[in-house]
Amino acid sequence: MNLWKISRVAGREFTSTAITKGFIIGALVIPAVMAALIPLIAILAASAQPPADKGTIYVLDRSGEVYDEMVGYLSPDEIRARRAETARRVAEFSTGIMGKAAGERITGSVDQAAAMVTIPEFRVVETAPDADVEEIKGDIRKQITGELAIQDPMDKVLAVVEVDADAATKANADEGYGSYQAFFRPKLNEETVGEIEDAVRWSIRERRYDNAGIDRGQINEIFSVAKRDSKEITEEGERDESSGIATFLIPVVSLVLLIIATMTGGQYLLTTTIEEKSNRVVEVLLSACSPMELMTGKIVGQLMVGSSLLLIYSSLGVTALIAFALADFVSVGMLALIFVYFLLAYFMLASFMAAIGSAVNDMREAQSLMTPVMLMMMIPYFFFMPVVRSPNSTLSTVSSFIPPISPFIMIMRVSSTDPPPAWQIAATIGVNLVAVVVFLWLAAKIFRVGLLMFGKPPNFKTLIKWIRMA
Amino acid sequence: MSDAVQMNSVRKTFGRKVAVEGIDLSIPEGSLYGFIGPNGAGKTTTIRMIMSILFPDSGALSVLGKKSAVESKDRIGYLPEERGVYKKMKVAAFLTHMGRLKGLDARGLKPKVMDWLERVELADVAKKKCEELSKGMQQKVQFIASVLHEPDLLILDEPFSGLDPVNMRLLRDLINEQHSNGRTVIFSTHVMHQAESICDHIVMIHQGRKVLDDTLGDIRARFDPRRIHMETAESGDHSESIARVDGVDHALLKDGVHEIALRDGVDPHEAMTRLIGATRVNSIEIKRPTLEDVFVRIVTGDENHADPALVRAQILAGEQGDEGAEGGAS
């Protein structure tokens, strides 16, 4: 084996695959554009916020008790206070699922967002009890058509709300409560409509509590149960209960990353091998290097393609985790293990691809031989839920020792919150190494014979015959 | 002088089919050898074994003094019969890649590639993708790939197939130049008169066996002419009178020329003198045997009892594909 020749083959393999428009666009530009678009979308969303609505809300309060509550609810101070409260809850929720640091970060951004948004200004006007709703609706129509000029922005009529006489107080004890009807000017902000609806409903409810003699404060007290961080009891002591994002997101991302990196390299290896064979360039190459050098060079070249993808995507992923202050969930050791399992998974897949690529005459013939390989690549997806739910179950442990799915299972376990013991990591790496050597050895035999075989598409029987032959 | 290639009772089978059987061969350095034989005779298999692309089932082989070509690949130039290029690669880049793969230094490689492209009149396509080239152009590019690293041994498997007469002549000149530079050249062809016009030594392969291994001159001497072509001054069939001349076995008029077959052991020159004495002659010549004649005689010889017509048809069928190209080679 001549290292110089291997490096030449690998170099060509890498440049002809990775330094192409298609690859750069597919693998780099699209994710980069997407990554750039996310903050852009956030900025656009914030800047595209329409100016807060200003104007008058007429309330025809037949009950005579709802209006006062509404005025309070729709005052700027109240609105601001409610928004602050929402932000606090979001932060609390995110702290719950993603950890304290992330929660603080989200609180910060929510506060920032809240500061950017202007509070709508409402003038709530009570009409005379015998006022005609149709007349107010007519005014809104005239304002829209321009028939009625709006001198002061606050004169703009935003809505008219008709509250039933029995909305908060039942007319008869055995009848239900009445309700309300709101009419809105078109094209109002979503949140203006929300605020007004909320105001009516909240006010009616407040009045009902009072009228029924129920203490609102007491009810709130009853409903509120403070949430404390749950703990998991472990051998060493206690720890925070694993959160959703850590148990599912990190393993699934690791798994998908591993599959993308191995499949990309493997797929390209298959196509370039078939191309070399169908172009008849292979014998020209064989005059310069041995089949082993050619296969090794090609596998190494595509390994570089796969690793670049892995490197780029994983650094993007780690950057994202750091940005969201979730970096606690990944460690250098874990990333190193992901790379080790990537190597093992890649070499196994590459040996299949090299063998298939050398055996067939064109892509179409490759399909039938590829089916079992693709099915095999699907298995880790089926194992995702059971393995992630209980990373140390018998199923997880046993499947960790079955190449070629072993690296995929192990990657999920290693990146889970309950990583497997070190001996299992060492043992699975050992098992996979043996498998890699065996698969590469078999692939080399098929590769040597297959490269110069043209004609009848081979099946598994012929492949086995070639292995015996070489 | 030592041998560039040596083969001792080399045998190769594919499953039950015997592709090459007991081939002994020694090709001295600096010679120009032609492997001839019809399609499927075992030429490519023999060449692939010399190149260590295939390995013999039994027998010994040495190439450039080494046990196999694996150790001396960089000193061998090879133009396979199944040849191709990287379609998406640019011509110059492809040649540079091949040169580097053959162990050439990157420095000075580019001018060398350009120089070669100029010599085969392809300088203007250096920046084009290989797929844009015609088949003949690709073949010239592949030839460059095989000689770029100035190999000691050049092996060309059917180098002329698919070339037009002009390019065929160009390639023949290039091969001759390689030979006169002291390189050992082996080339195979199923078009026998191509070998006749280039080689100084012929190896004939038939059904996996070597049936002939000699210089062109020796072959002609050995398969001595038993035929004389004569044009008489008076038109008409003179076969009967000619047949009565001493030493003549029989005569036949064909296209105005009398084809005269001599008896065994008769000296053709003496027979010619007698023929000129017997009739008024416009022209008379000894019909030299073509390689095809030799081939037919060998395979229809005592042991084989093959039908000569059948063998000729077999050769002709092999040449059919290159029919258009033949005119330029002769």
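Results, tabulated for the structure shown:
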| read-out | value |
| --- | --- |
| DSSP-loop trypsin sites (Lys or Arg not before Pro) across region B:37-144, with at most 10 other Cβ within 10 angstrom | B:Arg107, B:Lys127 |
| Rounded FRET efficiency, nearest 0.05, which uses the C-beta distance separating A:Ala32 from A:Met363 and R0 of 45 Å | 0.95 |
| Whole-percent carbon and sulfur share, accessible surface of chain B, 1.4 Å | 47 |
| Label-to-label distance, nm, for residues given as A:Ala171 and A:Glu135 (7 Å Cα→Cβ offset) | 2.4 |
| Gyration tensor verdict on region B:1-92 (Cα atoms; rounded if a/c is under 1.5, prolate if a/b is larger than b/c, oblate otherwise) | oblate |
| Accessible area of chain A belonging to carbon and sulfur atoms, whole % at 1.4 Å probe | 63 |
| Within chain B, helix-based [θ] at 222 nm, where runs of 4 or more DSSP H residues each add -39,500 (n - 2.57), nearest 500 | -10500 deg cm²/dmol |
| Local electrostatic count at A:Asp210 - Lys and Arg +1, Asp and Glu -1, tallied over other residues with Cβ under 12 Å | -1 |
| Solvent-accessible area per residue for region B:1-52 (1.4 angstrom probe, square angstrom) | 37 |
| Chain B shape via C-alpha gyration tensor axes, a/c threshold 1.5 | prolate |
| Extension gain (nm, one decimal) between A:Ile402 and A:Ala149, 0.36 nm per residue minus Cα-Cα | 83.2 nm |
| Inter-label distance for B:Lys17 and A:Val438, nm, one decimal - labels placed 7 Å from Cα along Cα-to-Cβ | 3.5 |
| Average accessible area per residue (Å²) across chain A - probe 1.4 Å, nucleic acids and ligands excluded | 52 |
| Charge context of B:Gly103, other residues only, Cβ under 14 angstrom, K/R +1, D/E -1 | +2 |
| For residues of A:5-13, the mean tally of beta carbons on other chains within 10 Å | 3 |
| B:Arg297 versus A:Thr118: modelled label distance in nm, points set 7 Å from Cα along the beta carbon direction | 11.1 |
| Sequence of A:Met363, B:Met204 from largest to smallest accessible area, 1.4 Å probe | A:Met363, B:Met204 |
| Share, in percent, of DSSP beta bridges within the protein assembly as shown that are antiparallel, nearest 5 | 60 |
| Accessible area (Å², 1.4 Å probe, nearest 10) - A:Ile25 | 90 |
| Chains A and B together, accessible area buried on both sides, 1.4 angstrom probe, square angstrom | 2300 |
| DSSP-assigned coil residues among trypsin sites (Lys or Arg not before Pro) in region A:277-356, each with at most 16 further Cβ atoms within 10 Å | A:Arg280 |
| Pairs beyond 27 Å (Cα-Cα), from B:Lys110/B:Lys140; A:Lys445/B:Lys112; B:Lys67/B:Lys140; A:Lys5/B:Lys128 | A:Lys445/B:Lys112; B:Lys67/B:Lys140 |
| C-alpha long axis of helix A:422-450 to longest principal axis of chain A, angle in ° | 50 |
| Loop trypsin sites (Lys or Arg not before Pro), region B:233-303 (other Cβ atoms within 10 Å of the site Cβ: 10 or fewer; DSSP) | B:Arg244, B:Arg280 |
| Cα gyration tensor category, rounded, prolate or oblate, for the protein assembly as shown with a/c compared to 1.5 | prolate |
| Residues of region A:281-316 buried by at least 30 Å² on assembly (accessible area, 1.4 Å probe, chain alone as reference) | A:Val281, A:Glu283, A:Val284, A:Leu285, A:Leu286, A:Ser287, A:Ala288 |
| Between 0 and 90°, nearest 10: helix A:3-18 axis offset from chain A longest Cα axis | 30 |
| Cut-off 10 Å between beta-carbons: net charge of the residues surrounding B:Leu79, Lys and Arg +1, Asp and Glu -1 | -3 |
| Set of region A:392-418 residues, backbone N closer than 19 Å to the point 7 Å along the Cα-Cβ line of A:Val332 | A:415 |
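The values are calculated or read from the model by the stated rules, or taken from the named source; none is laboratory data. This one's a predicted model, so the numbers in the text were calculated from it and none came from an experiment. We place every Cβ from the backbone using ideal geometry, glycine too, and count neighbours over all the protein chains shown. Only protein heavy atoms, including side chains, enter the accessible area calculation; ligands, DNA and RNA are left aside. Shrake-Rupley method; radii C 1.70, N 1.55, O 1.52, S 1.80 Å.
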